[in-house]
Amino acid sequence: MRYFFIFLWKHSFFFLFLIFEFISFLLIVNNNPYQRSYIVNSTNELTGNMFSAFTNFTEYLSLKKNNNTLAQENANLHSKLNLLSSIETDSSFNVSTDSNFLFLPAKVISNSINNRINYLMLDKGKSDGVKIDMGVISSTGIVGLVCQVSENFSSVMSVLHKDAKISARIKENNQLVNVIWKGDDYRIGTIEDIPTHIKVIPGDTIITSGNSLIFPEGILIGNCKDFIENSGENLNNAEIIFSTDFNSLSYVYIINNLMREEQNNLIDSLPDE
Amino acid sequence: MNSVFILNIIRFIILVLFQVFILNNIEINGYINPYFYVYFILLLPFETPKWLLLSSAFLIGLSVDIFSNSIGINSAACVLIAFLRPGLINTLTSKREFETGIKPGIKDLGFAWFFNYSLILVFIHHFALFFLEAFSFHYFWFTFYQVLASSGLSVLLIIFSQYLFSYRTKE
């Protein structure tokens, strides 16, 4: 230990230089948005390439399960298609088939569920038309929001994020609520601040409200598990079980809202109070 | 010793203000911007303790940064040349020996010595500065042209002020 200090003292000039340079670089990265975005993007690209090589390998291990979920989804879609075609032929109603939302399939190449702030990385990026703030869903439900895009990859802030707040709706009675995540169990979400006159019954289905411009209406979020009445307060809470299994995500869809800009412009043009 | 200390503090303040309010606003040709304030680091006495050398360089870089909205960029470049300065002084030989009380400047060490000394340090400083600002080698030659032109101008200013001030002290 003594020799270590002697060594430090002998080269104190050099170490002081390193310390000052380190401080300078911290300052640069923290205070200059251009330099920061450059670092974030290039490390994103690098880690993205490494993760995609790794997933290419591990994908084989879960191939069978993925096949099953895809087959199931196919079956679901087929049944919906049947329903649609029967409506078209049987009734005189004109079913509108054009939608504001486009779906881009993407592969999850890295995923976390154990932190307070969880991110996924997808193998689609700027060159595929992915932009910041696009929604991400899986075949079983909601996943998250694109928060960073590089040339070929994108980072997704998952619903399992301490700042995530999803505008949702109780399917049974159409009441609007907000879903958040408390940060402990990746299967359990929380609905906060439910006014007392609204009762949520365990088993109720929670879906997206369609109010947020990001997700289309009716994407499954989860089912209510527990209704917690806070006596003495006039706001209640409820716990829900996410329909998406965040631990086993492998294929997701990125949602592109084609009308988003128009809707945003409309909102911006509203006079401020 | 005390008067040297005060002189350097005054020089620090004047050079920062001159850099921030005058030189940062001229932008010749749109891209060329001399960074004359490094003159402060060049002129620090040879006997300056090394920790003081690094910290004063860091401070003057940070002061310029705060005014020009580029926090960390100037200070990184300044700390780099402060670190290289003692080695460079040992490498550059001059006609005169380093006696005590000698100051870095044309008057004491001759034009050639001071010209080489300031050219090398200013070039390294500007190189680090402009490439940290661009933060990539994508436009290498364009940035390099900026470095060359700006360091030329800075060195010119430094030599000019050497003559301006050393003649005054002679009289």
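The values are calculated or read from the model by the stated rules, or taken from the named source; none is laboratory data. The model shown is predicted, which means the values in this text are computed figures rather than measured ones. In this analysis, Cβ positions are derived from the backbone assuming ideal geometry, glycine residues included, and neighbour counts consider all displayed protein chains. Keep in mind that these areas ignore ligands, DNA and RNA; they rest on the heavy atoms of the full protein, side chains included. Shrake-Rupley method; radii C 1.70, N 1.55, O 1.52, S 1.80 Å.
Assorted remarks:
- Order by protection proxy (mean Cβ within 10 Å, highest first), peptides A:221-229, B:68-76, B:133-141: B:68-76, A:221-229, B:133-141
- Total lysine pairs under 19 Å (Cα atoms) in segment A:161-273, excluding pairs fewer than 8 apart on one chain: 7
- A/B buried area, accessible surface, summed, 1.4 Å probe, Å²: 1800
- Computed in the context of the full set of protein chains, the accessible area of the protein assembly as shown at 1.4 Å probe radius has 61% of its extent on carbon or sulfur.
- Å² per residue, accessible surface of segment A:165-273 at 1.4 Å: 57
- Estimated from the Cβ-Cβ distance and a Förster radius of 30 angstrom, the FRET efficiency linking B:Asn24 and B:Leu92 is about 0.50.
- Helix A:260-269 axis versus longest C-alpha principal axis of chain A: approximately 90°, rounded to the nearest ten.
- A:Glu239 accessible area, assembled protein chains, probe 1.4 Å, Å²: 50
- The calculated FRET efficiency for A:Thr196 paired with A:Phe13, based on their beta-carbon distance and R0 = 41 Å, is about 0.05.
- The angle between the Cα long axis of helix B:73-91 and the longest principal axis of the Cα atoms of chain B comes to about 40 degrees, rounded to the nearest 10.
- Label-reachable residues, segment A:135-164, where backbone N falls under 18 Å from a point 7 Å from A:Arg36's Cα toward its Cβ: A:147-150, A:155-157, A:163
- Segment A:230-273 versus segment B:7-79: alpha-carbon centroid distance in Å: 49
- Once the Cα atoms are used to define both axes, helix A:12-31 deviates from the longest principal axis of chain A by about 20 degrees.
- Simple point charges give the picture: +1 on the Cβ of Lys and Arg, -1 on the Cβ of Asp and Glu, and for segment A:100-221 a dipole about the Cα centre of about 60 debye.
- Estimated vicinal HN-Hα couplings, Hz - segment A:49-58 in sequence order (Karplus 6.51, -1.76, 1.60; Gly, Pro = x): 4, 5, 4, 5, 5, 5, 5, 3, 7, 6
- Computed [θ] at 222 nm, deg cm²/dmol, the protein assembly as shown (DSSP H ≥ 4; -39,500 (n - 2.57); rounded to nearest 500): -16000 deg cm²/dmol
- Exposure of A:Thr43 as accessible area (Å², to 10), given a probe of 1.4 Å and all protein chains: 70
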